[in-house]
Structure formats: structure tokens, C-alpha cells
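**Q** Dropping a structure here in C-alpha cells format, bear with me for questions.
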Amino acid sequence: MLINCNQYSQDQIYFLMIQLVIPRPIAWVLSDNGNGSHNLAPFSFFNAVTSNPPILMLSVGWKDETTRKDSWMNIAERKNFVVHVPSASQVHEVSKSSSVLPHGVSEIDQFNIATQNVEGWPLPRVKGAKIAFLCEKYAIYEIGDDPQGLILGKITGIWVDDEAVAQDKNRIVIDPSIINPLARLGGNHYSLLGEILTVQRPDRPL
């Protein structure tokens with residue numbers, strides 16, 4: 001089947017894209033509401049951009065026709081945020097935190113999601129998530145006809161669960177089975193890590 005994107009509505013194309021671009025890593029984003037509380041929301045249009053400097057990206061949409069999502073507004077106004085990679089055991093918390101709440105109402109408080117302070121960082125991290133990227137706003141671009149916020153975050157530090165970390169000569173090695181990341185499919189579907197394949201590249205050893 002060859003799909004001509006010009007023959008379908010924006011909603012139809014979105015529904016296709018989230019079923020075809022799979023699996024997608026989930027950015028579980030904690031940001032500062034500016035009222036002493038924290039926003040927490042998942043986004044699956046998320047990935048790394050560059051390592052020098054270390055930058056990741058999120059694509060964030062609108063809460064309604066006139067209001068940007070809270071994460072977008074918070075990051076634009078108060079540059080610091082934390083991007084977690086949620087583990088499979090957190091799927092229900094991730095789903096709950098996608099609820100649309102009034103601006104300034106904390107998903108962390110609403111759904112009793114535990115957090116923990118990070119030494120030297122102004123925002124907490126979510127307990128149970130085994131990776132937390134400590135980010136500062138690098139740039140925000142509006143992309144598309146109904147513009148999404150393409151948020152670039154400069155990673156200033158990374159918290160990783162000690163159980164997942166090993167050392168190999170001068171490199172840090174992460175055990176993905178310990179991270180056990182949750183990933184997004186289309187609709188209400190998620191995926192787990194599953195079987196790990198190791199294939200040596202022909203031009204260099206792993």
C-alpha cells in the first residue's frame with residue numbers, strides 16, 4: 001500500500017505516524033510550574049541530537065487551540081528541566097501523568113508520584129526511573145503549520161542508577177536490561193525492551 005499523505009487529514013497522518021515510527025523512546029519530562037510545584041508529562045517524539053555539546057530534542061504540542069502544553073511554557077520561561085527514561089514498571093504512572101490538568105496543577109502531587117532531590121540541581125528527579133537527564137533550554141523552534149515546539153535541551157548532567165553502570169577501560173557502559181525502558185507504540189499500546197541482539201560492526205569492534 002502506498003499512502004499519499006496529501007489525501008489525508010492532519011489527525012489521520014498523526015495516527016499513522018505514531019503507529020509506524022515504532023518503538024519510540026519516552027521522555028518523561030519534569031519542569032518547574034513556577035508556583036513551587038512541578039509538572040510531569042510524557043512525550044514520545046524524543047531523541048538525541050548531538051554529543052558536542054550533548055543535546056536532546058522533544059517535540060511538544062498544544063493543550064488546546066490557544067494554549068501551549070505546560071512543559072513547553074515552563075521550559076520557555078524557566079530553562080531547567082529533567083528528562084527521565086521511564087522503566088516498564090512505571091507504565092501506569094506514565095499514563096496517568098499524560099492527563100490534561102489545569103496549568104500549575106502538578107501531576108506529581110495529583111497522582112502521588114515520588115521524587116528525590118538531585119545534588120547540585122534545582123529540580124528533583126522521579127524515583128524509580130533509572131535515567132534522568134538534567135537539561136537546560138538550548139533553543140525552541142516552532143515547526144509546522146500548526147506549530148509544534150521543537151525543544152532542544154543541553155544536557156548538563158546525567159543521573160543513572162548505579163546498578164546499570166559498569167566501566168570498560170575509559171568508557172562508561174550501561175546495561176539496558178537493568179534500565180528496562182518503556183517505549184511507545186500507536187494508540188494505547190506500549191512496548192518493552194525484549195530480546196537484545198549483539199552484532200559486531202565490520203569496520204570496528206564493539
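The values are calculated or read from the model by the stated rules, or taken from the named source; none is laboratory data. Quantities reported herein were computed from a predicted structural model and do not represent experimental measurements. Backbone-built Cβ (ideal geometry, glycine too); neighbour counts: all protein chains shown. Ligands, DNA and RNA are excluded from the accessible area calculation, which covers all protein heavy atoms including side chains. Shrake-Rupley method; radii C 1.70, N 1.55, O 1.52, S 1.80 Å.
**Q** Is the shape of segment 41-134 best called rounded, prolate or oblate, per the rule: a/c under 1.5 gives rounded, else a/b larger than b/c gives prolate, else oblate, with a ≥ b ≥ c the square roots of the Cα gyration tensor eigenvalues?
**A** Rounded shape, in that the Cα axes give a/c under 1.5.
**Q** Can you list the lysines whose alpha carbon sits under 29 Å from that of Lys96, skipping same-chain ones fewer than 8 residues off?
**A** Answer for Lys96, where 29 Å is the Cα cut-off: Lys63, Lys69, Lys79, Lys127, Lys130, Lys137, Lys154, listed by chain and number.
**Q** Out of segment 1-106, which chymotrypsin sites (Phe, Trp or Tyr not before Pro) are coil in DSSP terms and have no more than 15 other C-beta atoms within 10 Å?
**A** Tyr8
**Q** A further question on this structure: Which whole number in µm²/s is D for segment 65-107 by Stokes-Einstein, with the Kirkwood Rh taken over Cα pairs at 25 °C and 0.890 mPa s?
**A** 203
**Q** Give me the extension gain from Cys5 to Ala76: residue separation times 0.36 nm, minus the current Cα-Cα distance, reported in nm with one decimal. Present the calculation step by step, with values, prior to reporting the outcome.
**A** Values: separation 71, 0.36 × 71 = 25.56 nm, distance 3.18 nm.
Full extension of this stretch gives 22.4 nm more.
**Q** Moving on. Would you mind finding the longest exposed-site-free stretch of the chain, with exposed GluC sites (Glu not before Pro) meaning DSSP loop and at most 12 other Cβ atoms within 10 Å?
**A** Values: sites that count: Glu65, Glu119, Glu195.
By the stated rule (loop sites, at most 12 other Cβ atoms within 10 Å), 120-194.
**Q** Express the carbon and sulfur contribution to the solvent-accessible surface of the chain as a percent, rounded to the nearest whole number, probe 1.4 angstrom.
**A** After summing per-atom areas, the C and S share lands at 52 percent.
**Q** Compute the separation of the alpha-carbon centres of segment 135-206 and segment 14-79 and state it in Å as a whole number.
**A** Cα centres, segment 135-206 to segment 14-79: 14 Å.
**Q** Tell me the Kirkwood radius of the chain: reciprocal of the mean inverse pair distance over distinct alpha-carbon atoms, in Å.
**A** 18.3
**Q** For the chain, what does the accessible surface come to per residue with a 1.4 Å probe? Please give it in Å².
**A** Averaged over the residues of the chain, the accessible area is 61 Å².
**Q** The chain: longest stretch without exposed trypsin sites (Lys or Arg not before Pro) (DSSP loop, at most 12 other Cβ within 10 Å), sites themselves excluded? Please list the in-between numbers first.
**A** On the way: sites that count: Lys127, Lys169.
Within the chain, the longest run free of exposed trypsin sites (Lys or Arg not before Pro) spans 1-126.
**Q** Determine the sum of side-chain charges near Thr198: Lys and Arg each +1, Asp and Glu each -1, restricted to other residues whose C-beta is under 15 angstrom from that of Thr198.
**A** Working: positive: Arg201, Arg204; negative: Asp168, Asp175, Glu195.
Once positives and negatives cancel, what remains is -1.
**Q** Rounded to a whole number, what is D in µm²/s for segment 96-206 from Stokes-Einstein with the Kirkwood radius over alpha-carbon pairs (20 °C, 1.002 mPa s)?
**A** It diffuses with D of about 120 µm²/s by this estimate.
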